[in-house]
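Worksheet: one structure, shown below.
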Amino acid sequence: MKTYPGGSGPLARRAPSPGEFQQQAPRRLLLAHHGTEGAAQAAQLAWRFAVAGETTVIHLYVVPEFWAGMQGDDWLNNAWTRDKFATHLESKLEEEARAQLQAVSGECAARGLDCESVLQVGDPTNCLIEVAAARGADFVVIGPPRPKGVPGYRCRVDLEKLVRGLKAPLVIANGE
């Protein structure tokens, strides 16, 4: 009867540590990071798996597709005002994305890791699958879902679709 590491019975399980999980460092680690607390947890886990001089971190920042074409509500009653609002919103989203891309790139450099930054607009699940395949990721790290009651937009990843679509192992940070 098979037992799992750290357990005494056939169903006893615990999450493997990075050293137990794999024997060699990932060459291309995809890190989904967009500046939230969950993304920070994913980054902390990714740093545990990555090895300086061996791992390239592919930092994926996804702007959810619901922002595309955002122009405001009816209170913006003319085309000029709606367009002005849309331009303002796009510049704020771009500014936030640029800051996150630079922060992760800087952290990678400080840790001796190569970094490729990828900015995508679209469905987070589809973007993760597409970028992992296109960039040859052999390991994917994402953060946990945002807890209820924590403010912010919830752009949920369809975990079943993600697991079925990825060709690489997926690790979800849990804050430990």
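The values are calculated or read from the model by the stated rules, or taken from the named source; none is laboratory data. Every value quoted in this text rests on a predicted model; they were computed, and no experiment measured them. Virtual Cβ from ideal backbone geometry, glycine too; neighbours counted across all protein chains shown.
Quick notes on this structure:
- Residue in the stretch 45-60 that is assigned to a loop (DSSP other than H, G, I, E, B), under 19 Å from Ala173 (Cα atoms), modelled with pLDDT under 85 and not hydroxyl-bearing (Ser, Thr, Tyr) present: no
- Of all residues in the stretch 98-111, exactly one satisfies the criterion of being within 14 Å of Phe49 (Cβ to Cβ) and not charged (D, E, K, R), namely Cys108.
- When Cys127, Cys115 are checked against the criterion of being in contact (Cβ under 8 Å) with a residue 12 or more places away in the chain, surrounded by 17 or more Cβ atoms within 10 Å (Cβ to Cβ) and part of a strand (DSSP E or B), Cys115 stands alone in meeting it.
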